[in-house]
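I have placed the structure first, in the form of structure tokens, so that the comments after it can refer back to it.
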């Protein structure tokens, strides 16, 4: 039985730049909106971005910001 070959698809560099810019903008907006330091907000936004890596590139900026906002507003147990 032949084994299936796995191929890695690398996104276009322009998509990465747009997403990186979207992460930076989300950090700025959320830090101001929630009154938190960017150093606190950035790791949350970056983790959300990583977890949403399978989402369409065009939807990432909104999805990342919404998920990060939800997590940053959630009470800490």
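A compact table of results
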{"quantity": "The range 45-58, subset outside any loop (DSSP other than H, G, I, E, B) and surrounded by fewer than 14 Cβ atoms within 10 Å (Cβ to Cβ), residue nearest to the chain's Cα centre (by Cα)", "calculated": "50"}
{"quantity": "Options 20, 16, 28; residue that is surrounded by 10 or more Cβ atoms within 10 Å (Cβ to Cβ), within 30 Å of residue 76 (Cα to Cα) and at pLDDT below 95", "calculated": "20"}
{"quantity": "All positions within the range 59-77 that are surrounded by 10 or more Cβ atoms within 10 Å (Cβ to Cβ) and more than 10 Å from the chain's Cα centre (by Cα)", "calculated": "59, 69, 70, 71, 72, 73"}
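The values are calculated or read from the model by the stated rules, or taken from the named source; none is laboratory data. Treat the numbers as computed from the prediction; the structure is a model and nothing was measured. So basically every Cβ, Gly included, is an ideal-geometry build from the backbone, and we count neighbours across all protein chains shown.
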